[in-house]
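The values are calculated or read from the model by the stated rules, or taken from the named source; none is laboratory data. From a predicted model like this one, the values you see are computed outputs, not experimental measurements. Heads up, the Cβs are rebuilt from the backbone with ideal geometry, glycines too, and the neighbour counts pull from every protein chain shown. Please note that ligands, DNA and RNA were not included when accessible areas were found on the heavy atoms of the full protein model with its side chains. Shrake-Rupley method; radii C 1.70, N 1.55, O 1.52, S 1.80 Å.
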Amino acid sequence: MSLLVIIPAILLAAAMLASACRKAARAPTSQHMRDVLRIPPPIWALVGVAEAAAACGLALGIAVPPLGTAAATGVACLMTGAVGAHLRVGLAGRHLVPPAVLAVTALATAAGFAGS
């Protein structure tokens, strides 16, 4: 497997794990974003579970590429939902950069895993 797949997969896994940990720890910044986006707490927690699962899938995908493809595709879906949630409440511009960059990175990583 190419480093062009492994490096983005590790970076995506780290980003997903960090976000999941912030949600699990109920970090003030995470709770503030949840409130700004008007996401109910149980849904926010489920997003954290999905992020943690994606982190595991991305890491394991280095050894089992189909798992990495599925995990990266899941991250792309999560981040597309995040962009939609931001737009729904009128957050645009620089607020969209992190989820948009993660979505594009996830799609490229999914394609890389699929090509392995």
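Side notes on the structure shown:
- Carbon + sulfur, % of accessible area of the chain - ligands and nucleic acids excluded, 1.4 Å: 76 percent
- With helices as the sole contributors, the chain gives -28000 deg cm²/dmol at 222 nm; each DSSP H run of n ≥ 4 counts as -39500 (n - 2.57), and the sum is divided by every residue.
- Take every Cα pair under 8 Å whose residues are at least 6 apart in sequence, average their separation, divide by the length of the chain, and the relative contact order is 32 percent.
- Largest-first ordering by accessible area, 1.4 Å probe, given options 116, 2: 116, 2
- Extension gain for residue 104 to residue 14 (0.36 nm times residue separation, less C-alpha to C-alpha distance): 30.8 nm.
- Site-free segments of the chain were taken between trypsin sites (Lys or Arg not before Pro) in DSSP loops having at most 15 other Cβ atoms within 10 Å, sites themselves excluded; the longest one is 39-116.
- For region 1-42, the solvent-accessible area of protein heavy atoms averages 64 Å² per residue (probe radius 1.4 Å; ligands and nucleic acids excluded).
- Over region 25-116, the fraction of Cα-Cα pairs per 5 Å bin, rounded to whole percents and listed from the shortest bin up, is 3, 14, 21, 22, 18, 11, 7, 3, 0.
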